[in-house]
1. Being assigned to a helix (DSSP H, G or I), within 21 Å of GLY39 (Cα to Cα) and out of contact with any Asp or Glu (no Cβ under 7 Å at 6 or more places or on another chain) is the filter here, so list the residues in segment 56-72 that pass it.
2. Pull up segment 28-67, narrow it to residues that are in contact (Cβ under 8 Å) with a residue 40 or more places away in the chain and under 13 Å from ILE18 (Cα atoms), then point me to the one that is most open to solvent (accessible area, probe 1.4 Å).
Amino acid sequence: MERRVSITVSTPYMVDLIYRRIVGELRAMSRRVEVHVEGNRITIPLVEGVYDAVWRIIKTSPSVVVASVDFK
């Protein structure tokens with residue numbers, strides 16, 4: 001089973017902003033990963049480097065934006 005990180009965000013507007021930050025960060029790291037969005041949830045396969053990129057984005061986002069983060 002593939003490991004994933006699931007991020008639940010407070011509003012659809014913030015989903016778009018966080019999604020763009022994640023995709024930009026992964027592109028800067030030269031990682032080609034499929035990022036899926038379902039409602040207020042963003043799901044990303046957990047491959048090398050993704051954990052650090054996601055954690056950087058979460059740490060620099062206001063706490064009210066991210067409702068939950070699940071590493072599976």
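The values are calculated or read from the model by the stated rules, or taken from the named source; none is laboratory data. Everything numeric in this text was worked out from a predicted model, so none of it was measured. In this analysis, Cβ positions are derived from the backbone assuming ideal geometry, glycine residues included, and neighbour counts consider all displayed protein chains. In case anyone asks, the SASA skips ligands and DNA or RNA and just uses the protein heavy atoms, side chains included. Shrake-Rupley method; radii C 1.70, N 1.55, O 1.52, S 1.80 Å.
1. Step one: filter segment 56-72 for residues assigned to a helix (DSSP H, G or I), giving 56-60.
Still in the running and within 21 Å of GLY39 (Cα to Cα): 57-58.
Result: ILE58, single match.
2. Kept after step one, since they are in contact (Cβ under 8 Å) with a residue 40 or more places away in the chain, are these residues of segment 28-67: 44-46, 50-51, 54, 58, 61, 64-67.
In the following step, the residues that additionally are under 13 Å from ILE18 (Cα atoms) were identified as 44, 54, 58, 61, 64-67.
On the way: ILE44: 0, VAL54: 4, ILE58: 31, SER61: 15, VAL64: 115, VAL65: 8, VAL66: 29, ALA67: 73 Å².
The qualifying residue most open to solvent (accessible area, probe 1.4 Å) is VAL64.
Okay, residues lined up against (1) modelled with pLDDT under 90; (2) touching a Ser or Thr at 6+ places or on another chain (Cβ under 9 Å):
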| site | (1), (2) |
| --- | --- |
| ARG20 | no, no |
| ALA28 | no, no |
| VAL33 | yes, no |
| VAL37 | no, yes |
| ASN40 | no, yes |
| SER68 | no, yes |
